[in-house]
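The values are calculated or read from the model by the stated rules, or taken from the named source; none is laboratory data. Everything numeric in this text was worked out from a predicted model, so none of it was measured. Glycine gets a Cβ as well: all are built from the backbone with ideal geometry, and neighbour counts include every protein chain shown.
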Amino acid sequence: MSASIKTLVKDGLWDNNVVFAQMLALCPSMAVTTSGTNGLGMGLATTAVLAASNILISLIRGVVSPQVRIPVFIILIAGLVTLVDMALDAWLHELYKVLGIFIALIVVNCAILGRAEAFASRNGVWASCVDGLAMGLGFTFALTLIGLIREFLGSGTLFAQAPQLLGAGFAFLEIRLHERGGALLMILPPGAFAVLGFLLAGKRLLDARRQAGQKSRQKTSDAEESAAPVDTR
Amino acid sequence: MALENLKEHPLYQPVLLGAVALLASVTLAWVADATREAIGEAEAADLRDSLVEVLPDGFADNNLLADRVEIDAGGEDPLLVYRARQGGTVKGVVFKVVGKGYGGEIVILMAVDKDGGILGVRVLKHTETPGLGDKIEIAKSGWINGFTGKALDGAVWAVKKDGGGFDQLAGATITPRAVVNAVKSGLETFARHKAALLEGERSS
């Protein structure tokens, strides 16, 4: 069990990352990542909804028939998001004023439906909960990274307005690197595509290196086993 | 096993879908009802805070929320106008205007002095793009303060791109254009209803 949890977490954060590997949820990823703070806010709000929807769908997976599963999931997810939206507005109004803009966007996040379909409808409640959290945190990581890069290149800040999202105690996160703005293009939609493209290429490169490293290790051990020396070039 | 057989029944799908939809609707209706009061209170508190913020310090010595008039400004609902008094005479009014932004409605609160000059403007609610259009919020940039002191006469009510006197925001043109137009229409409403606003009876 613990091994499978480890795989789930590893999948969510890196190997099967919502943005970097599955290429899902690109609409919110592109739209809100104009700053690291925005990415973080969207990521955390999505994580909460994703974990909750995974739990809910895993609970009812026994009664849902395959023919109508998609509309059922959509109703549940849309209902859940609206529920969270209203509850935050009523009882955590200060937080809502900051996060409110992100919550409505979660409805259009296909990653949530994706996880419901691919994981929660086939797995137990506990595993689904872990999967939701891991996928959500992977999403948060991706969005925060894209946001930070775009913000750094586009407006010369890091985590601008972080205190408004996380509270005054996080003012130290907010860094203004230079006064004279930056490349506006990075804040605009093309900047999102460019940054995501480079990040994807970077991830492929890292994964390829890692694989090559594993292969060459294997080859060396094979070579050691066979008596004759093998040219590994 | 019984459930698996049931799932094959042609009626199972519509009944399941209907049940889920019904359950979701009932839950949402219940939560909407349970939160309505709290949301109303939170919004009233927000309004009270922004009423104070939109006026210069110490401008009013009365309770603005209690001193309001309703005028018919051509919209569906009557326009609620809150009046700021000093020693009993109306020195300025505060009211909401709504602009059509990039992501939906932008609700703006504006304060106008008795001669039609702007005392202050704040955005109460909007769904503009984070990082671009949201610079109309006072928390994100000082752009909105550019309206203070302006009046219908003496300023060109358009963003600079359209040949006007107001800065646009980097990467966002539709949002500031919507705010400028909304504030301008607010000033026009004020000019049309000036007498009723300054001297009319308060309505409860």
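Within region A:79-97, the set of residues being crowded, with 17+ Cβ neighbours inside 10 Å and of a type outside the set (D, E, K, R) comprises A:Gly79, A:Leu80, A:Val81, A:Thr82, A:Leu83, A:Val84, A:Met86, A:Leu88, A:Ala90, A:His93, A:Tyr96. Annotation note: Cβ proximity below 7 Å between a residue of region B:27-42 that is at the interface with chain A (Cβ under 7 Å from one of its Cβ atoms) and farther than 13 Å from A:Leu92 by Cα and a residue that is surrounded by 15 or more Cβ atoms within 10 Å (Cβ to Cβ) and of a type outside the set (A, V, I, L, M) (sequence gap 6+ or interchain) occurs for B:Thr27/A:Gly79; B:Leu28/A:Gly79; B:Leu28/A:Thr82.
Being over 14 Å from the mean Cα position of the chain (by Cα) and in a loop (DSSP other than H, G, I, E, B) is a description that applies to B:Ala151. Determine whether region B:34-52 contains at least one residue that is of a type in the set (Lys, Arg), at pLDDT below 85 and within 17 Å of the chain's Cα centre (by Cα). Yes, region B:34-52 has at least one match.
Regarding B:Gly103, is this residue modelled with pLDDT under 90, in a loop (DSSP other than H, G, I, E, B) and farther than 30 Å from B:Gly133 by Cβ? Taking the combined requirement at face value, the residue does not satisfy it. In this entry, A:Thr157 is excluded by the filter for residues that are crowded, with 19+ Cβ neighbours inside 10 Å, hydroxyl-bearing (Ser, Thr, Tyr) and modelled with pLDDT of 85 or more. All told, B:Gly92 falls short of being outside any strand (DSSP E or B) and of a type outside the set (S, T, N, Q).
Let's see how each residue does on (1) touching a residue at least 24 places away in the same chain (Cβ under 8 Å); (2) in a helix (DSSP H, G or I); (3) closer than 26 Å to B:Gly18 by Cβ:
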residue: A:Leu24; (1), (2), (3): yes, no, no
residue: A:Ala48; (1), (2), (3): yes, yes, no
residue: A:Asn54; (1), (2), (3): yes, yes, yes
residue: A:Gly62; (1), (2), (3): no, no, yes
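Taking the stated definitions as given, is A:Asp131 of a type in the set (Asp, Glu) and in contact (Cβ under 8 Å) with a residue 12 or more places away in the chain? Yes: the conditions hold for A:Asp131.
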